[in-house]
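Enquirer: Would you mind keeping the following structure in view while I ask a few things?
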Protein chains: 2
Amino acid sequence: VRELSRLLGPGAVLDGDAPAARPYLHDATESRAIEGRAGAVALPETADEVAAVLAWCYDHDVPVIPRGGGTGYAGGAVPLDGGVVVTLERLRGPIEVEAGQWRARVPAGAVTADVRRRARESGLFLPPDPGSAESCLIAGNVATNAGGPHSFKYGVTGAWVTGLQVAMAPGELVELGGRTRKDVAGYDLRSLIVGSEGTLGIVTGAWLRLIPAPAMALPVLAHHPDAGSGCAAVAAVLAAGLQPATLEFLDEPAAAAAGVDPPAFLVLAEADGAHEAEVVALRDELAEVLGAGARRLETPSERRQVSELWRWREGVSLAVAARRGGKLSEDICVPVDRLGEALAGAREIAARHGLESCAWGHAGDGNLHATFMIDRDDPSEVDRAGAAAQELFALALRLEGSVSGEHGIGAVKRAGLAAQLDGPARALHERVKLALDPKGLLNPGKKVPVAPP
Amino acid sequence: VRELSRLLGPGAVLDGDAPAARPYLHDATESRAIEGRAGAVALPETADEVAAVLAWCYDHDVPVIPRGGGTGYAGGAVPLDGGVVVTLERLRGPIEVEAGQWRARVPAGAVTADVRRRARESGLFLPPDPGSAESCLIAGNVATNAGGPHSFKYGVTGAWVTGLQVAMAPGELVELGGRTRKDVAGYDLRSLIVGSEGTLGIVTGAWLRLIPAPAMALPVLAHHPDAGSGCAAVAAVLAAGLQPATLEFLDEPAAAAAGVDPPAFLVLAEADGAHEAEVVALRDELAEVLGAGARRLETPSERRQVSELWRWREGVSLAVAARRGGKLSEDICVPVDRLGEALAGAREIAARHGLESCAWGHAGDGNLHATFMIDRDDPSEVDRAGAAAQELFALALRLEGSVSGEHGIGAVKRAGLAAQLDGPARALHERVKLALDPKGLLNPGKKVPVAPP
C-alpha cells in the first residue's frame with residue numbers, strides 16, 4: 001500500500017482490509033457470492049498509472065486483479081487469494097465521438113450506457129447492450145466480450161472494437177489497432193485481449209466503431225403456450241429469413257417472476273431500420289410469423305410503451321432474483337436449433353435437484369440464462385444449485401454448445417471450459433497465457449481451463 | 001517426396017523441381033512476381049492428411065508453406081527457401097449449408113464464389129466478396145482475413161467465422177469454436193488464426209455464419225470531377241448517416257484504364273435491404289448526397305445492368321494491369337477522413353519516382369489499392385515501383401493507418417508491419433509466434449515483423 005501510494009498519490013490506494021475496500025472483493029451482482037481478499041485496491045486515474053501498478057506487481061511477484069464495473073456473474077474480478085485489485089473506474093477522460101467518421105475514443109472507465117448515449121447524441125449507435133449497461137464499464141465489456149439482446153443482429157462487443165490500449169506484462173502500454181476500420185497487418189491481438197477477462201492484460205482505452213442509429217425500432221411480444229410453441233416460432237423467424245435486431249425469450253416461470261399474468265413462454269423480437277416503412281413492414285412480418293401458435297400478440301408502437309417494454313425486460317434478472325431472495329444464473333449457449341433441448345434439459349436438471357428454475361435470454365443466438373432460484377440462507381439449496389450448474393455445463397457441451405455465451409469463465413467455469421476444449425486447444429490456451437503473462441500474475445485462477453477436482 | 005507419398009498416397013506429392021510444381025512456387029497474380037523454390041508440393045485430400053504432413057515436417061525440421069487459391073498479392077503462399085508447399089485445393093468435401101440456422105460447414109478447399117452461390121440457393125448471404133472470389137479458397141480467405149466491397153457494411157471474413165478446424169504444430173488438428181453463434185468461453189484463438197497467413201496453423205475447415213440474402217441491391221455511380229469532390233461525397237454519405245452495403249471509389253486514371261470516357265473520379269455505392277421500398281429509398285438518398293458536385297450520376301436498376309456494373313468493377317484490377325503490362329498494387333488503409341490525403345500522397349510519390357499511378361478501392365473503409373502501372377521488362381521501373389511502395393507504407397502510417405487493409409503482409413510488407421507496431425506490440429507478435437510455432441516452421445519469412453534491412 002505504501003509503495004503503490006507513492007506511485008499513484010494519496011487517496012488512490014486502499015488497504016485491502018479497510019472497510020472502503022470491501023466492495024472490491026466480490027461481484028456487485030449476487031450470483032455466486034464469492035468473497036475474496038486483497039492486499040490493496042489501486043484506483044489509478046491514467047493508463048500510465050495502470051501500467052506502473054502492473055510493473056510494480058510484476059516486479060514484486062504480486063497478483064493483479066483488474067476490475068471494471070464489478071457487474072460480472074462469474075467471479076472474474078474477485079481477488080481469490082491476495083494481490084492488488086486494479087479498478088478502472090477513475091479512467092474517466094472524455095468520450096470522444098468523431099461523428100462524421102462513425103467512431104469513438106473511449107477511456108476504460110466510461111460507463112457503457114454513457115457511451116451509448118453520447119453516440120446517440122451524434123445520431124450514432126453502439127449496439128452491445130449488456131443488461132448492466134448503466135453500471136458496467138467499457139473496459140469490462142471488452143474484457144468479457146459482453147453481449148446483450150442486440151448482439152443477435154449486430155454482434156458482441158469485439159465486433160465494435162477497432163483499437164485497444166492495453167497494459168501488459170511486465171508493465172508497459174501497448175497499442176493494438178486504432179482508428180482505422182480495416183487492418184489485417186498484424187496478428188489479431190486485439191481480439192485475443194477481447195474476452196480474455198484480464199488474464200492477458202488490462203484494457204486502458206478503446207477505439208470503437210459505431211453505425212448510424214436506427215431511425216426507429218418496433219417490438220413484437222408473442223405469448224406462446226409453451227416452450228415447444230415458442231421455440232418453433234423462433235425457428236420460423238430464421239426459416240422465413242427475417243432479421244430482427246433482437247430475438248429474445250422468457251420461459252413461463254421467468255415471465256411469471258417478471259409479472260406477466262397469465263404466464264406464457266414469451267418471444268420478444270424487435271424490428272429496426274433506417275426508414276419507418278421498412279421497420280413497420282418487418283415488424284408486421286415478425287408479428288405474422290411469431291403469432292402462429294401464440295395466445296396473444298403485443299405490438300406497442302408508441303415510444304413510451306416501447307421504452308417501458310425494454311425497461312421491463314432489463315428488470316427480469318432482478319425480478320427473478322427477488323422470487324426467492326437469490327439465484328444462480330448460468331449463461332450457456334447452444335446452436336440455435338438445440339434451444340428447445342437445452343431448455344428441457346435445464347428443467348430436468350432443476351427438477352432432479354429439487355430446485356425452482358427458469359430461463360430467459362437471447363433465443364436467436366441460442367444463448368440462455370438458465371437460472372435456479374434459491375434461498376441463499378439455505379446451505380443445502382446453495383449446494384444443490386452448484387451441482388446443478390455443473391450439469392448445465394455438461395448439457396451445453398452435449399448439445400455442441402458453449403459453457404458461456406456472454407458472462408465469461410471467471411473463477412467458476414474453468415472446469416467447464418476444460419471439458420469444452422479438446423486437448424490441443426487446452427494446451428494452446430496454456431501456451432498463450434504463458435507467452436503473454438509468463439509469471440502468471442494477471443488475474444490468477446481465472447479463465448484458463450483446469451481439469452475438474 | 002518419397003516419405004510424404006507414403007503418407008498421402010500416389011499422385012498426391014509433387015517433386016518441387018517437377019514442371020507440375022511450378023504453379024505452386026509463385027502467386028497466381030502478377031503483382032510481385034516472387035519465384036520461390038520447394039522440396040515438394042503436397043496435395044492432401046483430408047484434414048488428417050494435412051495434419052500428417054505438418055507432423056512429418058515438424059519432426060524433420062522442414063518448413064511448411066500452406067497455400068489456398070494462390071490469389072494473394074504479397075507472396076504469402078510462396079515457398080521462399082525450400083520446404084513443403086501444402087496446397088488445400090483438394091480439401092473439397094461438400095459445402096453443408098444449414099439453411100434454417102443461417103450457417104454452413106465449409107471445407108478448406110471450397111472456392112469462395114461456390115460457397116456464396118450455395119448460400120444464395122438457400123436464400124442466404126456470405127458477405128465477404130474478394131475480387132478473386134471465383135478462384136480463391138475459403139482457407140485462404142480465412143488465413144488472410146479477406147475483405148471486398150461488401151466489407152464496408154458487413155465486415156471482413158473473420159466476422160463470419162464461428163469455428164475453425166486447424167492443423168497446428170507439432171501436427172495435430174484443433175477445433176476452435178463451431179456451430180454456436182456466440183461463445184466467450186475460451187480465448188479467441190479463432191480470431192488469432194484468422195489473418196495469420198499460415199504462420200500459426202493451417203486452416204482445414206470452417207463454420208461460417210450467414211445472413212438472409214438482401215432481397216434487392218441497387219447501385220449509384222457518381223462521376224466526380226476530381227478526388228476532392230469525390231472524397232467530399234464519401235464524407236457526406238457518412239455525415240448523412242446513410243449506410244450503403246458498399247462505398248467504393250476509382251480515381252481518374254483507374255477509371256480511364258477501366259474504359260470510362262470521359263474519365264472521372266468515380267464513387268460507387270450500393271443500397272441493399274430486405275424490402276424493395278427501403279432499398280429504393282436508400283438508393284435515392286445516396287444519389288442525392290453523392291450527386292452533389294458530380295458531373296453525372298448513373299442509377300441502373302435492371303438486374304442485367306447491375307450485374308454488368310459489378311462485373312466491370314471486378315475487372316478493374318486486370319484492366320489497370322493491362323495498361324502497361326504490369327502493376328504493383330498495395331492496399332494501404334487509413335482512417336476514412338484521411339482518404340483524400342492518402343490519395344494525394346500516393347500521387348506525389350508516383351510522380352517523384354516517374355511512375356504512372358492510379359488508385360481504387362473501398363472508400364468507406366479508407367482502404368485504397370494504390371497502384372503503380374509498370375512494364376515488368378523494365379528493371380528500373382520495377383525498382384522504382386518497389387521503392388515507391390515502401391514510401392506508400394510510410395504514408396499510411398503517417399496518416400495513422402495500416403500497411404494492409406486486406407491483402408496481408410506476406411513476404412513483402414514485414415518491414416512495414418514492424419514500423420506500424422510499437423516495440424511492445426512487435427515483441428508480442430514474436431512471443432505469440434514462438435508459443436504456437438516453436439520451431440518457426442510454419443510459413444517462415446512471412447507476416448512476423450522484421451526491422452528493415
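Enquirer: Just for region B:53-65: of the residues that are open to solvent by 20 Å² or more (accessible area, probe 1.4 Å) and under 28 Å from the mean Cα position of the chain (by Cα), which one is nearest to B:VAL166 (Cα to Cα)?
Expert: Step one: list which residues in region B:53-65 are open to solvent by 20 Å² or more (accessible area, probe 1.4 Å), which gives B:55-56, B:59-63.
Within this subset, residues satisfying the condition of being under 28 Å from the mean Cα position of the chain (by Cα) are B:62-63.
Numbers: B:VAL62: 19, B:PRO63: 17 Å.
The extreme case among them is B:PRO63.
Enquirer: Another one. Can you give me the number of residues within region B:199-221 that are within 12 Å of chain A (Cβ to nearest Cβ), closer than 19 Å to B:VAL111 by Cα and surrounded by 24 or more Cβ atoms within 10 Å (Cβ to Cβ)?
Expert: Matching residues across region B:199-221 total 2.
Enquirer: Also, quick follow-up: Run down A:ARG303, A:ARG283, A:ARG311, A:ARG352 and say which single residue is at pLDDT 95 or above and surrounded by fewer than 15 Cβ atoms within 10 Å (Cβ to Cβ). Can you show your working first?
Expert: Working: A:ARG303 fails: at pLDDT 95 or above; A:ARG283 fails: surrounded by fewer than 15 Cβ atoms within 10 Å (Cβ to Cβ); A:ARG311 fails: at pLDDT 95 or above.
From the options A:ARG303, A:ARG283, A:ARG311, A:ARG352, the qualifying one is A:ARG352.
Yes/no per residue for (1) farther than 20 Å from B:LEU318 by Cα; (2) of a type outside the set (Lys, Arg); (3) modelled with pLDDT under 95; (4) in contact with a Leu (Cβ under 6 Å, 6 or more places away or on another chain):
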position: B:HIS362; (1), (2), (3), (4): no, yes, no, no
position: B:GLY366; (1), (2), (3), (4): yes, yes, no, yes
position: B:ASP377; (1), (2), (3), (4): no, yes, yes, no
position: B:GLN420; (1), (2), (3), (4): yes, yes, no, yes
position: B:GLU430; (1), (2), (3), (4): yes, yes, no, no
position: B:LYS433; (1), (2), (3), (4): yes, no, no, no
position: B:LYS447; (1), (2), (3), (4): yes, no, no, no
position: B:PRO452; (1), (2), (3), (4): yes, yes, yes, no
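Enquirer: Here's a follow-up. Select from region B:378-399 the residues that are in a loop (DSSP other than H, G, I, E, B) and either loosely packed, with under 15 Cβ neighbours inside 10 Å or under 20 Å from the mean Cα position of the chain (by Cα) (or both) and list them in ascending order. Steps first, please.
Expert: Let us first name the residues in region B:378-399 that are in a loop (DSSP other than H, G, I, E, B), namely B:378, B:399.
The answer is B:ASP378, and nothing else.
Enquirer: Related question: Determine which single condition B:VAL184 fails, assuming it passes every other condition in (1) in contact (Cβ under 8 Å) with a residue 12 or more places away in the chain; (2) at the interface with chain A (Cβ under 7 Å from one of its Cβ atoms); (3) in contact with a strand residue (DSSP E or B) (Cβ under 9 Å, 6 or more places away or on another chain); (4) closer than 16 Å to A:LEU189 by Cα.
Expert: All conditions are met except number (1).
Enquirer: Hey, another quick one. Can we say B:GLY228 is in contact with a Leu (Cβ under 7 Å, 6 or more places away or on another chain) and more than 7 Å from chain A (Cβ to nearest Cβ)? Let's see the steps before the verdict.
Expert: Details: in contact with a Leu (Cβ under 7 Å, 6 or more places away or on another chain): no; more than 7 Å from chain A (Cβ to nearest Cβ): yes.
In short, no.
Enquirer: On to the next question. If I ask for residues that are within 22 Å of B:LEU355 (Cα to Cα) and touching a helix residue (DSSP H, G or I) at 6+ places or on another chain (Cβ under 6 Å), which ones from region B:300-338 would you list?
Expert: Listed by number, the residues that qualify are B:ALA319, B:VAL320, B:ARG323, B:LYS327, B:LEU328, B:GLU330, B:ILE332.
Enquirer: Now, a different point. In region B:224-262, which residues are touching a strand residue (DSSP E or B) at 6+ places or on another chain (Cβ under 9 Å), assigned to a loop (DSSP other than H, G, I, E, B) and open to solvent by 10 Å² or more (accessible area, probe 1.4 Å)?
Expert: From region B:224-262, those touching a strand residue (DSSP E or B) at 6+ places or on another chain (Cβ under 9 Å) are B:224-234, B:237-238, B:240-258, B:260, B:262; that's our starting set.
Going one step further and asking which of them are assigned to a loop (DSSP other than H, G, I, E, B), we end up with B:225-226, B:240-245, B:251, B:258, B:260, B:262.
Result: B:PRO225, B:ASP226, B:ALA240, B:GLY241, B:LEU242, B:GLN243, B:ALA258, B:VAL260, B:PRO262.
Enquirer: Turning to a different aspect of this structure: Would you confirm whether or not region B:151-158 contains a residue that is within 7 Å of another protein chain (Cβ to nearest Cβ), among the polar types (S, T, N, Q) and within 26 Å of B:VAL64 (Cα to Cα)?
Expert: Checked against the condition, which is being within 7 Å of another protein chain (Cβ to nearest Cβ), among the polar types (S, T, N, Q) and within 26 Å of B:VAL64 (Cα to Cα), region B:151-158 yields no hits at all.
Enquirer: When only residues in region B:417-432 that are in contact with a Phe, Trp or Tyr (Cβ under 9 Å, 6 or more places away or on another chain) and either open to solvent by 30 Å² or more (accessible area, probe 1.4 Å) or acidic (Asp, Glu) (or both) count, which is nearest to the other protein chains (Cβ to nearest Cβ)?
Expert: Step by step, filter region B:417-432, then rank; the result is B:GLN420.
Enquirer: Among the candidates A:SER135, A:SER151, single out the residue that is small (Gly, Ala, Ser) and open to solvent by less than 10 Å² (accessible area, probe 1.4 Å).
Expert: Working: A:SER135 fails: open to solvent by less than 10 Å² (accessible area, probe 1.4 Å).
Every option except A:SER151 fails the conditions.
Enquirer: Identify, by number, the condition in (1) more than 10 Å from chain B (Cβ to nearest Cβ); (2) part of a strand (DSSP E or B); (3) open to solvent by 10 Å² or more (accessible area, probe 1.4 Å) that A:LEU173 doesn't meet.
Expert: If we test A:LEU173 against (1) more than 10 Å from chain B (Cβ to nearest Cβ); (2) part of a strand (DSSP E or B); (3) open to solvent by 10 Å² or more (accessible area, probe 1.4 Å), just (1) comes out false.
Enquirer: Let me ask you something else. Quick one: would you say A:GLY72 is without any contact (Cβ under 8 Å) to a residue 60 or more places away in the chain and of a type outside the set (Phe, Trp, Tyr)? Steps first, answer last, please.
Expert: Details: without any contact (Cβ under 8 Å) to a residue 60 or more places away in the chain: no; of a type outside the set (Phe, Trp, Tyr): yes.
The answer is no for A:GLY72.
Enquirer: Still on this structure: For B:LEU192, only one of the following conditions fails: (1) at the interface with chain A (Cβ under 9 Å from one of its Cβ atoms); (2) among the hydrophobic types (A, V, I, L, M, F, W, C); (3) not in a helix (DSSP H, G or I). What is its number?
Expert: (3)
The values are calculated or read from the model by the stated rules, or taken from the named source; none is laboratory data. Note that the structure is predicted; figures quoted are calculated from it, not measured. Because the Cβ atoms are built from the backbone with ideal geometry, glycine has one as well, and the counts that use them run over all protein chains shown. Each accessible area value is taken on the protein alone, full model and side chains, heavy atoms only, with ligands, DNA and RNA left out. Shrake-Rupley method; radii C 1.70, N 1.55, O 1.52, S 1.80 Å.
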